[in-house]
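Below is one structure; the comments refer to it alone.
Taken together, the values in this text are just the output of simple stated rules run on the coordinates, not laboratory data. All figures in this text were calculated on a predicted structure; none of them were measured in a lab. We place every Cβ from the backbone using ideal geometry, glycine too, and count neighbours over all the protein chains shown.
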């Protein structure tokens, strides 16, 4: 049986992280910030996304505590909140690649069986 503590933790995980990670642009922002801190203009240029969109995504990430800012005069630089985020994303990407490879092999086997 699933414990109540696990249910609460999963609910909080979904609220804090999963919704924030549900957009490809936000994932790319996290990967970019894992390489080095950036300001909005740098992210806009690197990702080839318009500034209002980058700012909106950064707000979501910041509200969830996945990124933080450092102000230097009038410049604001965004930093990745925790390096483990990209490690977790890399793990999920590896699982996805393995699933895609498995599905492709099943499709190939099915096609070979039908053609036999």
Report task. Note the angle between two axes, namely the Cα long axis of helix 24-35 and the longest principal axis of the Cα atoms of the chain, as a number of degrees from 0 to 90, rounded to the nearest 10. Result -> 60 degrees
Query raised in the report: Roughly what angle does helix 51-63 make with the longest principal axis of the chain, taking Cα atoms, 0 to 90 degrees, to the nearest 10?
Result: 80 degrees
Query raised in the report: Taking the chain on its own, what percent of its Cα-Cα pair distances exceed 23 Å?
Result: 46 percent
Query raised in the report: Which distance in Å, rounded to a whole number, links the C-alpha centroids of the stretch 49-80 and the stretch 3-18?
Result: 25 Å
Query raised in the report: Between residue 3 and residue 69, what is the label-to-label distance in nm when each label sits 7 Å out along the Cα-to-Cβ direction?
Result: 3.9 nm
Query raised in the report: Given a Förster radius of 41 Å and the C-beta distance between residue 51 and residue 103 as r, what FRET efficiency does 1/(1 + (r/R0)^6) yield to the nearest 0.05?
Result: 0.60
Query raised in the report: What is the calculated FRET efficiency for residue 82 to residue 22, with r their C-beta to C-beta distance and R₀ = 25 Å, to the nearest 0.05?
Result: 0.85
